[in-house]
Amino acid sequence: RVLLERFVEKGRHVEIQVFADAHANVVHLHERDCSLQRRHQKVIEEAPAPGLNDTTRAAMGAAAVAAAKAVGYRGAGTVEFLFDGAEFYFLEMNTRLQVEHPVTELITGLDLVELMIRVAAGEKLPLKQKDVKIDGWALEARVYAEDPFRNFLPSIGRLVRCQPPAESAHVRVDTGIEEVSEVSMYYDPMIAKLITSGRTRDE
């Protein structure tokens, strides 16, 4: 047997957030574009995906929901696709919330962690697909402890200076570190996430 895979030269990494409860209800919370990566690690994520038309958005969302239903999925999940600008192809499903989930929270107005816990406790999803709207735009930048003089290799040691921006209605910082924190060699070098939102992508 021969397995053939289509080669996509300039594909974009577009993923769909899904939620499924124990009562056979599945919804998607639209998409995120995670194409800006270095060494196969995401650096910038945004929602909604730029340049994605409504027809493709709906088809991708429907495919993600169908995939979740096909395996009897329950909980929060992320269905990832490779998108060539015209067609999209299934990559994988991550059976959890992901680092970039805040951009989905900001464009939908939903607390995904709360929703995940409620679904895990056996509650019904409190919304239908028609209730999930896109409102505004959001970007997330991952902040890594890396050394730019050594080709951005992970950098360990004490964090001497840390000045995150002030949080506001449109600026959110998710982190677990502060000045004097130690960056360990035993974990991923991501130390914070800067999430911003606006009415439009330009804003």
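The values are calculated or read from the model by the stated rules, or taken from the named source; none is laboratory data. Just so we're clear, the structure is a prediction, and the values are computed from it rather than from any experiment. Keep in mind that these areas ignore ligands, DNA and RNA; they rest on the heavy atoms of the full protein, side chains included. Shrake-Rupley method; radii C 1.70, N 1.55, O 1.52, S 1.80 Å.
Pairs of Cα atoms under 8 Å, at least six residues apart: use those to get the relative contact order of the chain, whole percent.
Details: 379 pairs, mean separation 40.3, N = 203.
Over the chain, the number comes to 20 percent.
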Fill in the blank from the handout: Amide H contacts under 5 Å for residue 73, restricted to residues at least 5 apart in sequence or on another chain and with H modeled in the peptide plane, are none
Problem - Proximal lysines relative to residue 124, as straight alpha-carbon distance under 17 Å, when same-chain residues fewer than 8 apart are discounted - result: 69
Practice task
Tabulate in residue order the Karplus-calculated ³J(HN,Hα) for region 98-103, using 6.51 cos²θ - 1.76 cosθ + 1.60 with θ = phi - 60°, rounded to whole Hz; enter x for Gly and Pro.
Solution key: 10, 3, 8, 4, x, 5
Completion exercise
Note to self, the chain gives a 222 nm [θ] from helices alone (DSSP H runs n ≥ 4, -39500 (n - 2.57) apiece, / all residues, nearest 500) of -5000 deg cm²/dmol
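First check a/c for region 152-203, with a ≥ b ≥ c the square roots of the eigenvalues of its C-alpha gyration tensor; if it is under 1.5, answer rounded, and if not, answer prolate when a/b is larger than b/c or oblate otherwise. Intermediate values should be presented prior to the final figure.
On the way: a/c = 3.16, a/b = 2.06, b/c = 1.54.
Note, shape of region 152-203 comes out prolate.
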Practice task
Using a 1.4 angstrom probe, figure out how much accessible area the chain has per residue, in square angstrom, rounded to the nearest whole.
Solution key: 60 Å²
Problem - Square roots of five times the Cα gyration tensor eigenvalues for the chain, Å - result: 30, 22, 18
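Roughly speaking, to the nearest percent, how much of region 1-109's 1.4 Å accessible area is carbon and sulfur? Don't jump to the answer; show the numbers that get you there.
On the way: 2960 of 5530 Å².
Heavy-atom surface of region 1-109 belonging to carbon and sulfur, 1.4 Å probe: 53 percent.
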